[in-house]
Structures are given as C-alpha cells and as structure tokens.
Amino acid sequence: MKKIDLRSDTVTLPTPAMRQAMANAELGDDVFGDDPTINRLEEIAAQKLNKEAAVFVASGTMGNLVALLTHCGRGDEVILGDKAHSFRAEAGGMAALGGIHPMPLANQPDGTLKLDDIRSAIRPDDEHYPKTRLIVLENTHNACYGTPLLPAYMQAVFALARENNLRVHTDGARIFNAAVAQNVDVREFTQSTDSISFCLSKGLSCPVGSLLCGPRDFIAAARRNRKAVGGGMRQAGVLAAAGIVALETMIDRLAEDHAHAKYLAEQLADIPGIDLDVDRVKTNIVFFDAQPNVMSAPELRKRLEREGVLILDTNATRLRAVTHYGIERADVEDAARAVKKVIGNL
Ligand code: TLP
C-alpha cells in the first residue's frame, strides 16, 4: 500500500535533478571557505532575499538559534509569539545555550503580534529588567494554520523596532510559501527584517539545510556562532547542490501544494465529525479538529495510519496535515476518503 505522508513537508525527498546535482557537486572544505557549491548557494540566497550575505546551516532550528545568539547577549530579552516555533519547539535553545530571556506575547490567529502588545513589552532602561533587544516574527506561521504575514504588517513591526532601537529576526522557514501565496516577491518581506532564516528541507524538498541571511557583519559574526554550536560543516556542497536546484526550480510549484491543501480542507470540512475553517487555509498547512464525541485526535491518527495515511495529532482534538512535493490531487482524495471511512466505521 502506498503511504500518503502528510505529517510534514519535511518528509520530502530530493528530486532526480537534485540527486544528479549532488552527485556532480564540486566540493571543498567549507570551514576554510573552500566549498564552491556552498559559496554559490550562499550568494544566490543572499541575492534572492536582497541581503548582503548568507550562511548555510544544518536546520531551521540552527538558523534561528545562531540568529538569536548573534543578535543577543546573555540576559537580553526577545519579544516573540507564544506559538512561535522558536519559543515552543526548539528545545529552549536560546535560554539553554545563549542565556537569552524570551518574552512571549499572545499570537493572534493570523500569526501576528499586536503592535500595542509589542510596545508595552519593550522594557524601560532600568537595572531590574532584562534589556529588550530583538523581535522575532514567523512567516508563514506554522502553528497559526500556516498563515502568511502580510508585507505591510512586517513593515509596521520593523518601524516600531527601529523607533525603539530593536532588531527584527524572521523565522522564514516557509517564507517562499508566504511569497507564493500572496503573489509577491520575497523581498517585500525581507526589506522589513534585519535577519531571516529559511529552510531548504521543507516545501523546497531538499534533504538537509537552511540559510540565515542578513547584513555582512552580522553574517560574519553568525559564522562564529555556527561554529560554536558545531555547525561548521566540511564538504557540505553535496547538500548545497540540492539547495541551488531548489532555489532555481522548486519555488513556483509551491502554488500546487497550496491548491492541494485547500482542496484537502474542502474535502475534510464536508465530513460530519470534523471541524475545519476552510478560509483559514492559505498555504500548505491544514489544521482540523475531530469532535470529541466522535473520536480523539490520537485515535484518528492511529486508525488513519492503518489506512496508509500519516498525519500528526497536535493535541487531544487537533490534527495537522501538510501538503508537499510528491503529494498529488489523487493522494488528497484518498486521504480524505480514508478520514471519512475511519470516522464512519465507528
Ligand atoms: N517545523 C517542523 C516540526 O518541528 C513541527 C514541522 O513539521 O513543521 N521554524 C518553523 C516555522 C518550523 O515549522 C520548523 C520545523 C522550524 C523552524 C525548525 O526547522 P528544523 O526542523 O529544520 O530544525
């Protein structure tokens, strides 16, 4: 039985063109700055995001951690959302490794932080308080239904940061999904953030890797922090080769994933016992709830697994399905059919 794996876009496998490029990649020792394929990927990424420089890192988590270590010193405070991936799902790395103090604010359903909340969270200069240093945004916002932030919202946060001498980092793990969903150039977002990390290994289908982009001196300092957390890789051009193919060929097709997610949401919303707001699905992430009197989310996940459909349960009632390269319209139909069968088979 073919497995339909909707647990995440991180499950994507490299395309044939990526495998070819990886096999043929020109390599060197990247810690000596000698890997031509890494150097090329970093240049392409910086240019695409309109930043001075970029550094290749092992993962989205490492990209965020290195960014935070570079922006903040020990005891500095970061304003971020209570549903931000970097707050909830990165093993507390900023505090454990950087002594950085998180100041979580309520994420609104669209992934934003209220400007007034940010304003009131900025600390006055007083020896009792940590120093507010940084604001972190997430675009698209994973836990807020994959909602993309609007360029105008990012501009407003950036202006507020500047007025208060703060920096902004964007966790842009899925920034290209945000750009494709809103039909804007990714630069519309990147002009309103000092630094941004994005993932190659999610919707762009690469096996490994993320890039952290920003000003030249910031990226130079980030390289030292990357080394400190063990992220100085050697012939990493084998990975970068896939990344170059991804940036050249895999961005526009994200629209297909978004269409599939919308279609999946429409199918699921029609199933009695499932609650889902189709209008909230704007990119490739679909959250839905199983009504508690029908079945718990973990039970639904387990039963779907037996039908060859893999999804994640995120709490007692909620589940998440993510569309990606390799998932076709027929897979979406089969997945929705499986949910109907499992729920109807009680
Ligand atoms: N998210 C993963 C899991 O951690 C849940 C996923 O399946 O969605 N920022 C954002 C917004 C993310 O969604 C993720 C991964 C990361 C950072 C971390 O990336 P990795 O897994 O490469 O460290």
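Some points to look at:
- Residues of the range 131-175 that turn out to be out of contact with any His (no Cβ under 8 Å at 6 or more places or on another chain), open to solvent by less than 10 Å² (accessible area, probe 1.4 Å) and within 30 Å of L319 (Cβ to Cβ), as a count: 9
- The range 76-111 - residue that is open to solvent by less than 40 Å² (accessible area, probe 1.4 Å) and assigned to a loop (DSSP other than H, G, I, E, B) and, of those, farthest from the ligand (Cβ to nearest atom): G99
- Of everything listed in (1) assigned to a strand (DSSP E or B); (2) under 30 Å from Q20 (Cα atoms); (3) out of contact with any Asp or Glu (no Cβ under 6 Å at 6 or more places or on another chain), the single unmet condition for A54 is (3).
- Any hit, the range 216-224, residues being crowded, with 21+ Cβ neighbours inside 10 Å, outside the structural domain of T317 (by TED's automatic domain parsing), touching a residue at least 60 places away in the same chain (Cβ under 8 Å) and more than 25 Å from G98 (Cα to Cα): no
- Number of residues in the range 304-338 that are away from the ligand (no atom under 16 Å from the Cβ), under 25 Å from P14 (Cβ atoms) and surrounded by 17 or more Cβ atoms within 10 Å (Cβ to Cβ) equals 4.
- Verdict on D116 being out of contact with any Pro (no Cβ under 9 Å at 6 or more places or on another chain), surrounded by fewer than 15 Cβ atoms within 10 Å (Cβ to Cβ) and charged (D, E, K, R): yes
- Number of positions in the range 33-54 that are open to solvent by less than 30 Å² (accessible area, probe 1.4 Å) and either more than 20 Å from V245 (Cβ to Cβ) or within 15 Å of the ligand (Cβ to nearest atom) (or both): 1
- Qualifying residue in the range 59-66 (condition: over 19 Å from D217 (Cα atoms), in contact (Cβ under 8 Å) with a residue 60 or more places away in the chain, within 15 Å of the ligand (Cβ to nearest atom) and surrounded by fewer than 22 Cβ atoms within 10 Å (Cβ to Cβ)): yes
- Among the candidates T323, T317, residue that is in contact (Cβ under 8 Å) with a residue 60 or more places away in the chain, polar (S, T, N, Q) and out of contact with any Lys or Arg (no Cβ under 7 Å at 6 or more places or on another chain): T323
The values are calculated or read from the model by the stated rules, or taken from the named source; none is laboratory data. For clarity, every value in this text was computed on a predicted model and none was experimentally measured. Cβ atoms come from the backbone with ideal geometry, glycine included; neighbour counts cover every protein chain shown. Ligands, DNA and RNA are excluded from the accessible area calculation, which covers all protein heavy atoms including side chains. Shrake-Rupley method; radii C 1.70, N 1.55, O 1.52, S 1.80 Å.
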